[in-house]
1. Of the accessible area of chain B, with the probe set at 1.4 angstrom, what percent is carbon plus sulfur?
2. Leaving out ligands, DNA and RNA, calculate the buried accessible area for the pair A and B with a 1.4 Å probe, summed over both sides, in Å² to the nearest 100.
3. Applying the Karplus parametrisation 6.51 cos²θ - 1.76 cosθ + 1.60 with θ = phi - 60° to the phi angles of the stretch A:107-122, what ³J(HN,Hα) value in whole Hz is obtained for each residue in order, glycine and proline being reported as x?
4. Determine the shielding of peptide A:175-184 by partner chains: average, over its residues, the number of Cβ atoms on other chains within 10 angstrom of each Cβ.
5. Determine ³J(HN,Hα), in whole Hz, for all residues of the stretch A:172-185 in sequence, where each value follows from phi through the Karplus function 6.51 cos²θ - 1.76 cosθ + 1.60 and θ = phi - 60°; x replaces Gly and Pro.
6. Mind jotting down the three principal axis lengths of chain A based on Cα atoms? Whole angstrom, largest first.
7. So how strong a dipole does chain A carry about its Cα centre when Lys and Arg Cβ are +1 and Asp and Glu Cβ are -1, to the nearest 20 debye?
8. I want the local charge near B:HIS135. Using Cβ-Cβ distances under 9 Å, sum +1 for each Lys or Arg and -1 for each Asp or Glu among the other residues.
Protein chains: 2
Amino acid sequence: MDIENAKIPQATAKRLPLYYRFINNLHSQGKMRVSSKELSEAVKVDSATIRRDFSYFGALGKKGYGYNVEYLLSFFRKTLDQDETTNVALIGVGNLGTAFLNYNFTKNNNTKIQIAFDASDDRIGDTVGGVPIKHIDELEEYIDGISVAILTVPAQAAQGIADRLVKANISGVLNFTPARITVPSSVRVHHIDLAVELQALVYFLKHYPLDGELEDEL
Amino acid sequence: MDIENAKIPQATAKRLPLYYRFINNLHSQGKMRVSSKELSEAVKVDSATIRRDFSYFGALGKKGYGYNVEYLLSFFRKTLDQDETTNVALIGVGNLGTAFLNYNFTKNNNTKIQIAFDASDDRIGDTVGGVPIKHIDELEEYIDGISVAILTVPAQAAQGIADRLVKANISGVLNFTPARITVPSSVRVHHIDLAVELQALVYFLKHYPLDGELEDEL
DNA sequence: TTTAGATTGTGAATGATGTAACATTTCCGT
DNA sequence: ACGGAAATGTTACATCATTCACAATCTAAA
Ligand SMILES: NC(=O)c1ccc[n+]([C@@H]2O[C@H](COP(=O)([O-])OP(=O)(O)OC[C@H]3O[C@@H](n4cnc5c(N)ncnc54)[C@H](O)[C@@H]3O)[C@@H](O)[C@H]2O)c1
Ligand SMILES: NC(=O)c1ccc[n+]([C@@H]2O[C@H](COP(=O)([O-])OP(=O)(O)OC[C@H]3O[C@@H](n4cnc5c(N)ncnc54)[C@H](O)[C@@H]3O)[C@@H](O)[C@H]2O)c1
């Protein structure tokens, strides 16, 4: 769609939602302007990196002044497609799935969990956090118009479900399962492996200098 | 402690727990040997990257043969300090916190959630997933021997709790809060921002070529 | 209107990560 | 015991990301 955007580094793209949220905060607080230095302290990203990130979108600020909060906000809203909602399905209403359903991702967000699926009869027909739960056997019937799936099923079920999601034409999967699923190259998968995150943190603590470190981020 | 380890790239360190888990699987399946190519297909990491990662630890494999699963396993167990358990506290027994407590991170893991804290009187004294819940006012009394904290409190409470954790001599924090907390450089914080992850996935879907892409990983 | 001070946007330096390619070594069947 | 097949470990390169440092530009106050 946007010609320019194809050139934005992935690392930058991953920071955009973060910037958006903090700019939103500033706006609610009635702040009129902000410098890259201030933002830097809030989001814990080097100020030069922030300026560089913003610069991919052209000159958003004014030299000697900083950035106009209102303008930044409207810019990010547009860029992150806040207006156009992405429909999401959640598969596996267990511990983690229930937490996600109860959490309203819609705050500050352009995504909405529209429907959930589970294999256990107990929960079918209920709603959790306002989201209706259907039986997994009915996946194909209800998945229409959904482009992203959150996978919170047991690891053994992950690949099978993924295959069905692919057939049902899903575009992206957020996989919380420890299983690394295989999908065609037309589908994007992000793995979030919480056990690995915890273990990695512990590894860093044990093996990296504890003191003269940056205070943040992997 | 280990002199060598200081040189291991962070990207590699983050993959180690992943390798460990899959090698563990292979071992349970009775597999005796594995090549970087096989491993690559399982964990979705380029085989050259795997060989490079392993090579930081010396020559773990044999040319023309591959890697001995048993040996790899014992090596990783040692390297990831599987034997020595790291004690973890969880702060904020809400939706997300409850999911984590019910989930047994101890599988394949050198970490154990020993204790949880919450501000709401309702849950104090209960146990969730075998973990006792104490009142947050008693944080300082019970945090002895705990080196890592998982933060799943509301965003507004995050910085305050973080300050107390720092005073109580915590070494690492896994922060699920959208707030970016400030801590001294002696404390390591990893942010896991689930809303950002979802939004970033959506952004990639909308703005990046959908087809000729690697099929995995950010 | 002038000037001191602030802050951007970016070229260039540095650092980190990923991967192609291959010489080298080991395995293993004959 | 030998030779081809297999797979490592690593060199060299390519790519991506971060950060420094500063000229250019703007603000705001006197
Ligand atoms: N809970 C955590 O803290 C945590 C942490 C790290 C990783 N994970 C991973 O996240 C996933 C979910 O964890 P959880 O704790 O919520 O597990 P859970 O067992 O509580 O939930 C799994 C849910 O999936 C449903 N299910 C099973 N098979 C299904 C199928 N074929 N189709 C649809 N639904 C199916 C079950 O009925 C259950 O409700 C697991 O893969 C787990 O390894 C969880
Ligand atoms: N649930 C999700 O899916 C999800 C997704 C993304 C981010 N998050 C973030 O994770 C955090 C927790 O989310 P949640 O859905 O579990 O919220 P929640 O409201 O269900 O749970 C928060 C818990 O923290 C407790 N608490 C409040 N103040 C406290 C204090 N000062 N000390 C100790 N405990 C305190 C509350 O009693 C409650 O039990 C939030 O910051 C949220 O933004 C959650």
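The values are calculated or read from the model by the stated rules, or taken from the named source; none is laboratory data. On a predicted model such as this, the values are computed, not experimentally measured, just so you know. Reconstructed Cβ throughout: ideal geometry from the backbone, glycine too, with neighbour counts over all protein chains shown. Surface accessibility is based on the protein's heavy atoms, side chains included, excluding ligands, DNA and RNA. Shrake-Rupley method; radii C 1.70, N 1.55, O 1.52, S 1.80 Å.
1. Numbers: 5100 of 10210 Å².
Result for chain B: 50 percent of the exposed heavy-atom area is carbon or sulfur.
2. Numbers: alone 13950 and 13970 Å², together 20400 Å².
For A against B, buried area totals roughly 7500 Å².
3. 3, 6, 9, 9, 10, 9, 6, 8, 7, 10, 10, 8, 8, 7, 4, 3
4. Values: counts 1, 2, 0, 6, 1, 10, 3, 5, 2, 2.
Partner Cβ neighbours, averaged per residue: 3.
5. Result, ordered by residue: x, 10, 9, 9, 8, 6, x, 5, 8, 7, 9, 9, x, 5 Hz.
6. Cα spread of chain A along its principal axes, largest to smallest: 61, 45, 34 Å.
7. On the way: 23 positive and 27 negative charges, 199 e Å.
Roughly 960 debye, rounded to the nearest 20.
8. Around B:HIS135, the surrounding residues sum to -3.
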